[in-house]
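Nothing in this text is a laboratory measurement; each read-out follows from the coordinates by a stated rule. Keep in mind that what you see is a predicted model, and the values were worked out from it rather than measured. Note that we place each Cβ from the backbone using ideal geometry, even for glycine, and neighbour counts take in every protein chain shown.
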Amino acid sequence: MTRNPFASKVALITGGASGIGAAIAREIVRQGGEVVLADRQLDLAEALASELRAKGGRATAAELDVRSLTAFEKLAKETASRTGRIDYLFNNAGIGVGGEMDNYRPRDWDDVIDVNLRGVAYGVQAVYPLMIAQKSGHIVNTASMAGLVAAAGEGSYTATKHAVVGLSKALRIEGARHGVRVSVLCPGAIRTPILSGGKFGRMNFVGLTEAQILGMWADARPMDVDEFAHKALKAIAKGEFIIVLPRWWKALWYAERLSPHLGLAIWGRILGRMRKQLEKFGARQEWSDEN
């Protein structure tokens, strides 16, 4: 019988209170691992940790803003001191801003870059040295299909997710000599709160309901988040690098690699369809300090 690679392992998961992070935590605990749920939403993280412990799992919650390197380093050291090691780091925390760049304000760049890119970099800075010292570990960065293709309509998100893929490529090469593995998750549409902006993201539109936003995702056939976590962990256990789920999204990635012009044409049509839907709903793009 093949040994479960997550049994008795310790995983630090950012954005662990909800969405993909929470689903990954549930699956790791189900497979016998221990999780640290690091999130700005401490109440949600504590509730999930309590739920997992009630089922016999090992889980703790920790408040963490990934935009703070000091806080990340403190949590990493505390976790390693308490458990003896960190086997997996899931740099999963992320936010998105919906809207085209002609209506962006500086905050639309700053907020997303600080969480999606700086947060991943700080995670590496805080945990990678500990993994080098223990001569093992696996860093899993959550990017997106928007890190592989030209996903228009979410410029700051796309820019940061491309950067996360690039960072992961370089780190996979560098980490090999230290026994540290690296994978990057590139989800397509997954049924999580980020589809409609999430707790800390936003949609820069007026006159657009959450139901309408979710309806616009229908053609993308969002995957159940727990199914995603199960399949993602199987790929991580195999040491796969770029992990695209649902797998049919690979066709769009292959089209982009085969012909960048074809990729641009495809996403141009997707953006055109999105604009028509927004016009049909009577929604308009607008930014305000309240967003």
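The reciprocal of the average 1/r between distinct C-alpha atoms defines the Kirkwood hydrodynamic radius, which for the chain equals 19.4 Å. Here Glu73 and Ala170 are evaluated by their C-beta separation; at R0 = 22 Å the FRET efficiency comes out at 0.55. For Thr83, Thr209, the sequence from fewest to most other C-beta atoms within 10 Å is Thr209, Thr83.
Rounded to the nearest 10 degrees, the angle from helix 19-30 to the longest Cα principal axis of the chain is 30 degrees. Exposure here means at most 12 other Cβ atoms within 10 Å; with trypsin sites (Lys or Arg not before Pro) in a DSSP loop as sites, the longest stretch of the chain lacking them is 136-237. Here's the picture: a label point sits 7 Å out from the Cα of Arg269 along the beta-carbon direction, and within region 233-254 the residues with their amide nitrogen under 18 Å of it are 248-254.
Between Pro193, Pro106, Pro222, the Gaussian network model of the chain with springs among Cα atoms under 10 angstrom shows the greatest mean-square fluctuation at Pro106. Once R0 is set to 51 Å, what does the formula 1/(1 + (r/R0)^6) return for the Cβ-Cβ distance between Lys276 and Lys234, expressed as a FRET efficiency to the nearest 0.05? The pair Lys276/Lys234 has a calculated efficiency of 0.85. The radius of gyration of the Cα set in region 33-158, together with its Dmax, comes out at 16.3, 51 angstrom. Among Asp219, Asp102, Asp39, Asp114, sorting on how many other beta-carbon atoms sit within 10 Å of each Cβ, with the fewest leading, yields Asp102, Asp219, Asp114, Asp39.
Annotation: the antiparallel percentage among DSSP beta bridges lying fully within the chain is about 5.
Counted by neighbouring Cβ atoms within 10 Å, the residues Ser183, Ser81, Ser144, Ser50 run from fewest to most as Ser81, Ser50, Ser183, Ser144. Two numbers describe the Cα atoms of region 96-152: Rg and Dmax, which are 15.1, 47 Å.
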